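Asker: Starting off with a structure, shown below.
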């Protein structure tokens with residue numbers, strides 16, 4: 001088997017008004033940044049599909065596709081794809097005794113196009129062997145992954161409207177963005193007024209509190225209302241682990257860090273600065289990062305970039321393969337964007353996402369939707 005060609009479609013899928021951030025807080029719409037959808041073919045009729053991060057230059061996708069031409073995916077070692085696709089050594093995959101790939105790629109590959117082709121290779125291999133993608137990550141440890149609803153920075157009225165949708169769809173918690181200048185107390189009260197105070201909220205200021213005292217005041221005030229705060233994610237700059245340790249020691253709310261490389265995760269654990277992790281990255285790296293947190297007894301969830309369907313299926317397989325991924329993960333594209341670009345999207349069931357057992361990623365491209373959102 002040899003990889004021959006890769007089809008590439010560049011798409012822009014807008015968000016549904018009111019589903020992400022309220023208009024008063026929207027300086028730019030992240031969904032205006034293009035994504036690239038690929039379908040990678042082999043000479044004997046197999047294929048795999050992938051989705052790029054938003055805003056990536058299409059030239060990077062084309063370059064990786066060109067480098068992969070002629071390689072045999074059946075000779076690739078699934079657990080070492082980062083090293084293999086990083087070097088693309090056609091003789092030994094870059095895994096020779098003198099190649100210290102295990103040090104160089106500890107935090108994952110540096111090629112920005114890697115994740116797009118990683119999911120395509122897992123999809124292709126799954127179709128060939130008749131196995132779901134999580135099988136190549138060590139196997140799923142659960143058949144459903146807990147998920148939370150998600151909103152960006154919103155007014156209380158918009159948050160209230162979205163909470164009705166969340167409750168109707170069976171979600172038990174919600175993640176929301178805010179800053180020191182947004183009406184966070186009013187927004188939370190609007191959510192709890194609809195869903196009840198047991199509806200768990202994860203607050204994510206994206207490091208917009210520079211002072212430990214500000215973060216502590218917000219956390220303390222919200223807890224006094226009687227509402228459930230599941231996690232306080234990245235309230236302060238993530239380099240300031242001392243501030244996170246102090247906030248955690250107060251024991252007011254669980255403290256979370258969104259991290260992506262092993263060294264940062266290890267440092268946060270050593271500093272005793274974290275109760276939860278929000279982890280992202282490509283499929284293999286997520287499972288490896290989650291294993292580090294699991295060794296320290298720290299639960300995690302899978303983050304999101306408000307993606308389309310292919311990326312969310314890839315995230316789902318990774319989340320299902322991590323033993324400590326037990327907190328509500330972010331699978332949000334199906335209600336924030338106009339289309340997920342796949343024929344049959346993720347299946348939600350009372351706040352969980354069902355892990356597919358179909359070969360590969362478990363989804364197929366919706367070519368009509370791709371053509372509708374395609375840009376030149």
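Asker: Find the residue count for segment 331-355, including only residues that are in contact with a strand residue (DSSP E or B) (Cβ under 6 Å, 6 or more places away or on another chain), buried (at least 19 other Cβ atoms within 10 Å of the Cβ) and part of a loop (DSSP other than H, G, I, E, B).
Answerer: Of the residues in that region, 3 qualify.
Asker: Counting only residues that are in a loop (DSSP other than H, G, I, E, B) and in contact with a strand residue (DSSP E or B) (Cβ under 8 Å, 6 or more places away or on another chain), which one in segment 132-168 is farthest from residue 24 (Cα to Cα)?
Answerer: 140
Asker: Can you give me the number of residues within segment 55-74 that are under 18 Å from residue 109 (Cα atoms), assigned to a loop (DSSP other than H, G, I, E, B) and either touching a residue at least 12 places away in the same chain (Cβ under 8 Å) or touching a helix residue (DSSP H, G or I) at 6+ places or on another chain (Cβ under 6 Å) (or both)?
Answerer: The total comes to 1.
Asker: If I filter segment 267-280 for residues that are modelled with pLDDT under 95, assigned by TED's automatic domain parsing to the domain that holds residue 331, over 17 Å from residue 177 (Cβ atoms) and buried (at least 17 other Cβ atoms within 10 Å of the Cβ), do I get at least one hit?
Answerer: No, every residue in segment 267-280 fails to be modelled with pLDDT under 95, assigned by TED's automatic domain parsing to the domain that holds residue 331, over 17 Å from residue 177 (Cβ atoms) and buried (at least 17 other Cβ atoms within 10 Å of the Cβ).
Asker: How about segment 307-352: which of its residues are under 15 Å from residue 289 (Cα atoms) and without any contact (Cβ under 8 Å) to a residue 60 or more places away in the chain?
Answerer: 315, 324
Asker: Taking segment 130-154 only, how many residues are farther than 19 Å from residue 202 by Cβ, in contact (Cβ under 8 Å) with a residue 60 or more places away in the chain and in contact with a helix residue (DSSP H, G or I) (Cβ under 8 Å, 6 or more places away or on another chain)?
Answerer: Total meeting the criteria: 11.
Asker: Out of segment 229-252, which residues are touching a strand residue (DSSP E or B) at 6+ places or on another chain (Cβ under 9 Å) and under 25 Å from residue 305 (Cα atoms)?
Answerer: 229, 230, 231, 232, 233, 234, 235, 238, 241, 244
Asker: Considering only residues of segment 128-143 that are closer than 8 Å to residue 320 by Cα and crowded, with 17+ Cβ neighbours inside 10 Å, which is nearest to the chain's Cα centre (by Cα)?
Answerer: Among those residues, the one meeting the criterion is 134.
Asker: Among 285, 311, which is the only one that is under 9 Å from the mean Cα position of the chain (by Cα) and buried (at least 24 other Cβ atoms within 10 Å of the Cβ)? Working first, answer last.
Answerer: Numbers: 285 fails: under 9 Å from the mean Cα position of the chain (by Cα).
From the options 285, 311, the qualifying one is 311.
Asker: Let me ask something additional. Can you tell me which condition residue 171 does not meet? The list is (1) without any contact (Cβ under 8 Å) to a residue 60 or more places away in the chain; (2) in a loop (DSSP other than H, G, I, E, B), and all the others hold.
Answerer: (1)
The values are calculated or read from the model by the stated rules, or taken from the named source; none is laboratory data. Because the structure is a prediction, the values reported are computed rather than measured. Positions of Cβ are generated from backbone atoms using ideal geometry, with glycine treated the same way; all protein chains shown enter the neighbour counts.
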